[in-house]
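Each remark here refers to the structure printed beneath this line.
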Number of protein chains: 2
Amino acid sequence: MKVTIKDIAEKANVSVATVSRVVNNKSKGVGEETRKRILELIKEYDFQPSAVARGLVTKKSKIIGLIIPDLTNPFYPKMTKGIEDVAHEHGYNIILCDGNNSKEKEAAYLDFLNEHYVCGIIYNNFHNISDTILNKILKSSLPLVFIDSKPEIKGCKCVYLDNQRAMYEVIEHLLLNGHRKIGFITGPMDSYSTNERYKGYINALNDYDIPFDSNLVVKGDYVMKDGYYAMERLYNQTKNFTAIACCNDLMAIGAIEKLEEMGIKVPEDISVVGFDDIDIARLVRPKLTTVAQPIHEMGRVAANMIIDIIEGKGSKVKDDVIFEPNLVVRDSVKKNN
Amino acid sequence: MKVTIKDIAEKANVSVATVSRVVNNKSKGVGEETRKRILELIKEYDFQPSAVARGLVTKKSKIIGLIIPDLTNPFYPKMTKGIEDVAHEHGYNIILCDGNNSKEKEAAYLDFLNEHYVCGIIYNNFHNISDTILNKILKSSLPLVFIDSKPEIKGCKCVYLDNQRAMYEVIEHLLLNGHRKIGFITGPMDSYSTNERYKGYINALNDYDIPFDSNLVVKGDYVMKDGYYAMERLYNQTKNFTAIACCNDLMAIGAIEKLEEMGIKVPEDISVVGFDDIDIARLVRPKLTTVAQPIHEMGRVAANMIIDIIEGKGSKVKDDVIFEPNLVVRDSVKKNN
DNA sequence: TTGAAAGCGCTACCAA
DNA sequence: TTGGTAGCGCTTTCAA
């Protein structure tokens, strides 16, 4: 049987109110003598206050909900670590929800978190915010910070990378290395970051007077296998390219796998660039040229934001925190000039 | 303002008890007419019952706590996915706690979970169970399943790999390929799996009449960086080896990185074997020979076990479920004979 | 079929 | 400095 505050109160011959006071470290209102006695009892009986009962009264908790698209993409664990680090520094815990790349599951998790008195949500939505989800968000008065995306909700707090510029730099890098026909493997087209990256691709092409060719663009899904199949589809559509930019590293690696299987050498025959700079990027051969996101730091910032909002310091929190990309040049791009 | 069961009851002109009945799908005790009306109101006002209040009464929840050592080791996300899959099929949610390779944090999480009425815990302890933690476990009456370890607690439920045999097969493979001086990079020596793997190493050596040389054994910590430094230390101790077995893939990859940096070729000069068969293993060059754990399946089994226990079918749950390893031969071992 | 009411473990307010 | 107590939102038992 679990020991409750009432048990401790009885043993100590005081009221539950008094025990509550020492449990919550209210400095005043408890005599030194009494406090000591209660503290001892708490230790002796290993009393742990029920967070549930407490939550029912206070409507608060020290739990932050975190929704991410896919745990098995190393990008997200890294982000999660950043969030967890500062959360812990401030005494908060994280409940991690893996949306499994599914809109429905994300929505279900949103409900779940709302039912459980988390004190805030950090939301890394994979797809654009659907009406269902938007509705849930607007209805809920929970503090909310978006990470790795910028939904079109006025006044919402977001931390994200300048994705457009990032992809622009990738394409520019390819261009400057003499590539003219550049394939592009996207993410899901209804995702914010994919769209931004796509714009970066288009803009760079425009700025360098390269005609856009829709045959060079093929849709992917951010997982490795999909990079493999996207590569296959691209190759069936056209063989007229010397480089491919991918919307993430996982797909780039999948694409390279396919290319190798077809006897095509990277980067000698085809150059490939990734996105994210996950650990694997520097471990595969050729080492993957990619663009790094300061993802751990982004996690830290998001966590600080949500905690500020939770603790009533929301006014000093900026709406948008935008991070700059960092092109990491390795060995998967050939100099063509 | 959040709408409560009381609000719905008022709008529907019934008692909260009746609303509660329809919310909980109690088939009998509510008139068809009433039920319909309430259901509509619930939809209209988007009523979500408070899991917290409910938990306070029932002392149950649909949340399973999961403690893992380190999210950034791809092994654990994979396991987590397996667990989550089954959990979701049964209407349970996972609250994921990343112990960050720290005993203290694990202990803190154990407390955290106990305070929050999770209905069960799946625990992947990194280090051996300390007395503090053992105490917490014994005191708590929560259903508990250990995964990826077998603590010495009588009657505890565990699912794990036959680690000893797995490493035996690794060493045997090396031996059969003509290696006689085999280095060994361990995990933390107070971890169950490390110890078992170490025994496997020793046993194989014995069975093949290879003298044990303590200079060939060096301690690691299961992270990539540590493989790198372990390799360095090993090399400083002795240069008299042709192969190295590592207690996980991450360290194997770190070790290879160090070897390459020193101008030593894998596998031509030194052979390296990993453990776990995470995705990266087949992506690095040379492709890593390693031993696969059916980790997703292990997660599924653990989840099924805990749910069975939670739902009172604990008697049909076996104490131990042991999985067999699967040696995956790739390109990181040289034939020396 | 329905309602009234107790009570889950705690916090917070008011009174002593 | 302390205690009494209402009430958080729900489930559950008993009675109607």
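Computed from the coordinates by the stated procedures, all read-outs in this text should not be read as laboratory data. Quantities reported herein were computed from a predicted structural model and do not represent experimental measurements. We place every Cβ from the backbone using ideal geometry, glycine too, and count neighbours over all the protein chains shown.
Which value in nm describes the separation of the simple spin-label points at A:His90 and B:Val328, placed 7 Å from the Cα toward the beta carbon?
If labels sit at A:His90 and B:Val328, their model points lie 4.0 nm apart.
Kirkwood hydrodynamic radius for the range B:208-337: how many Å is it when counted over pairs of different Cα atoms?
Details: mean 1/r = 0.0609 Å⁻¹.
Mean inverse Cα-Cα distance, inverted, gives 16.4 Å.
Counting Lys and Arg as +1 and Asp and Glu as -1, what is the net charge of the other residues whose Cβ lies under 15 Å from the Cβ of B:Ala107? Numbers along the way, then the final one.
Values: positive: B:Lys103, B:Lys105, B:Lys136, B:Lys139; negative: A:Asp46, B:Asp98, B:Glu104, B:Glu106, B:Asp111, B:Glu115, B:Asp131, B:Asp190.
With Lys, Arg at +1 and Asp, Glu at -1, the net is -4.
Going highest first, how would you order A:260-269, B:258-267, A:301-310 by mean Cβ packing within 10 Å? Walk me through the numbers before you get to the answer.
Values: A:260-269: 13.4, B:258-267: 15.4, A:301-310: 23.2.
Result, highest mean Cβ count within 10 Å first: A:301-310, B:258-267, A:260-269.
Determine the alpha carbon to alpha carbon distance for each of A:Lys78/B:Lys60; A:Lys105/A:Lys258; A:Lys59/A:Lys139; A:Lys265/A:Lys287; A:Lys139/B:Lys6 and list only those over 21 Å. Walk me through the numbers before you get to the answer.
Values: A:Lys78/B:Lys60 32 Å; A:Lys105/A:Lys258 31 Å; A:Lys59/A:Lys139 17 Å; A:Lys265/A:Lys287 13 Å; A:Lys139/B:Lys6 19 Å.
Exceeds cut-off: A:Lys78/B:Lys60; A:Lys105/A:Lys258.
Would you compute the Debye intensity of the range A:120-161 from its alpha-carbon atoms alone, equal scatterers and no solvent, and pass along log10 I(q)/I(0) at q = 0.20, 0.33 Å⁻¹ to two decimals?
One equal scatterer on each Cα of the range A:120-161 leads to -0.56, -1.51.
If I stretch the segment between B:Asp131 and B:Glu261 completely, what's the gain in nm (0.36 nm per residue apart, minus their alpha carbon distance), one decimal? Don't jump to the answer; show the numbers that get you there.
Working: separation 130, 0.36 × 130 = 46.80 nm, distance 4.24 nm.
My answer for the length gained is 42.6 nm.
Can you tell me which of B:170-177, B:55-62 comes out highest on packing, and rank the rest after it, using the mean Cβ neighbours within 10 Å? Present the calculation step by step, with values, prior to reporting the outcome.
On the way: B:170-177: 20.8, B:55-62: 15.4.
The densest-packed peptide leads the list: B:170-177, B:55-62.
Hey, which aspartates and glutamates would be in cross-link range of A:Lys219, C-alpha to C-alpha under 19 Å, not counting anything within fewer than 8 residues on its own chain?
Leaving aside aspartates and glutamates fewer than 8 places away in the same chain, those within reach of A:Lys219 are A:Asp70, A:Asp190, A:Glu196, A:Glu232, A:Asp249, A:Glu257, A:Asp276.
As an exercise, use a Förster radius of 30 Å and the Cβ-Cβ distance of A:Ala292 and B:Lys239 to find the FRET efficiency, rounded to the nearest 0.05. Each step should come with its number before you reach the end.
Details: r = 36 Å, r/R0 = 1.21.
Calculated transfer efficiency: 0.25.
Rounded to two decimals, what is the ratio between the C-alpha radius of gyration of the protein assembly as shown and 2.2 N^0.38 Å? Before the final figure, lay out the partial values.
Details: Rg = 27.6 Å, N = 674, 2.2 N^0.38 = 26.1 Å.
Against the compact-globule rule of thumb, the ratio is 1.06.
How many partner chain Cβ atoms sit within 10 Å of a residue's Cβ in peptide A:251-258, on average, as a whole number? Please list the in-between numbers first.
Details: counts 0, 0, 3, 1, 0, 1, 2, 0.
Mean shielding by partner chains, rounded to a whole number: 1.
Run through the other copies and list how far each one's label point is from that of B:Thr34, in nm with one decimal, shortest first; the point sits 7 Å from Cα along Cα-Cβ.
For B:Thr34, the other copies' label points sit at 4.6 nm, shortest first.
For the range A:183-233, what does the alpha-carbon gyration tensor say about shape, rounded, prolate or oblate, given a ≥ b ≥ c as the root eigenvalues, a/c under 1.5 as rounded, and a/b over b/c as prolate?
Details: a/c = 2.96, a/b = 1.50, b/c = 1.97.
Since a/c reaches 1.5 but b/c is at least a/b, the shape of the range A:183-233 is classed as oblate.
Give me the net charge for the shell around B:Ile63: Cβ to Cβ below 15 angstrom, other residues only, Lys and Arg +1, Asp and Glu -1.
-2
With a cut-off of 8 Å between alpha carbons and a minimum separation of six or more residues, what is the relative contact order of the range B:204-337 in percent? Present the calculation step by step, with values, prior to reporting the outcome.
Working: 194 pairs, mean separation 28.1, N = 134.
RCO, the range B:204-337: 21 percent.
In nanometres, what is the gap between the two model label sites at A:Leu176 and B:Lys225, each 7 Å from Cα along Cα-to-Cβ?
3.1
For B:44-53, what's the mean count of beta carbons from other chains sitting within 10 Å of each residue's beta carbon?
Details: counts 0, 0, 5, 0, 7, 1, 7, 8, 12, 6.
Neighbouring Cβ atoms belonging to other protein chains average 5 per residue here.
Please state the relative contact order of chain B as a whole percent: Cα pairs under 8 Å, 6+ residues apart? Can you show the working numbers first?
Details: 618 pairs, mean separation 57.8, N = 337.
Across chain B, relative contact order equals 17 percent.
Give the nm distances, rounded to one decimal, from A:Lys139 to the matching residue in every other copy, measuring between label points 7 Å along Cα toward the beta carbon; shortest first.
Copy-to-copy label distances for A:Lys139: 4.0 nm.
Under the classification rounded if a/c is under 1.5, otherwise prolate if a/b is larger than b/c and oblate if not, where does the range A:59-121 fall, given a ≥ b ≥ c as square roots of the Cα gyration tensor eigenvalues? List each step's numbers first, then the result.
Working: a/c = 3.92, a/b = 1.11, b/c = 3.53.
Oblate.
Report the net charge of residues surrounding B:Asp7, where surrounding means a beta-carbon distance below 12 angstrom and charges are Lys +1, Arg +1, Asp -1, Glu -1.
Working: positive: B:Lys2, B:Lys6, B:Lys11; negative: B:Glu10, B:Glu44, B:Asp46.
Combined, the nearby Lys, Arg, Asp and Glu give 0.
State, to one decimal in nm and shortest first, how far the label point of A:Asp207 sits from each corresponding label point in the other identical copies (label point: 7 angstrom along Cα-to-Cβ).
6.2
Working from the alpha-carbon coordinates of chain B, get Rg over Rh, Rh being the Kirkwood radius. If you can, show how the numbers build up before the last one.
Numbers: Rg = 25.4 Å, Rh = 22.4 Å.
My calculation puts Rg/Rh at 1.13.
Given points 7 Å out from each Cα along the Cα-Cβ axis, report the A:Glu152 to A:Lys335 separation in nanometres with one decimal.
According to this spin-label approximation, the distance is 4.5 nm.
Bin width 5 Å, alpha-carbon pairs only: give the P(r) of the range B:72-220 as whole percents, running from 0 to the bin holding the largest distance.
All Cα pairs considered, the percentages come to 2, 8, 16, 19, 17, 13, 10, 8, 5, 3, 1, 0.
Over all residues in A:85-97, what is the mean tally of Cβ atoms on other chains that come within 10 Å of each residue's Cβ?
Values: counts 1, 0, 0, 4, 0, 0, 0, 0, 7, 4, 8, 9, 5.
Mean number of neighbouring Cβ atoms from other chains: 3.
Given the pairs A:Lys150/A:Lys318; A:Lys2/B:Lys318; B:Lys81/B:Lys199, which span a C-alpha to C-alpha distance of over 24 angstrom in this model? Before the final figure, lay out the partial values.
On the way: A:Lys150/A:Lys318 13 Å; A:Lys2/B:Lys318 27 Å; B:Lys81/B:Lys199 30 Å.
With Cα atoms farther than 24 Å apart: A:Lys2/B:Lys318; B:Lys81/B:Lys199.
Work out the charge dipole of the protein assembly as shown with +1 on the Cβ of Lys and Arg and -1 on the Cβ of Asp and Glu about the Cα centre, then indicate which of A:Asn203, A:Asn25, B:Gln164 is farthest towards its positive end.
A:Asn25
Under a straight-distance cross-link criterion of Cα-Cα below 14 Å, which aspartates and glutamates are reachable from B:Lys157, leaving out those fewer than 8 residues away in the same chain?
B:Asp148, B:Asp308, B:Asp319, B:Asp320
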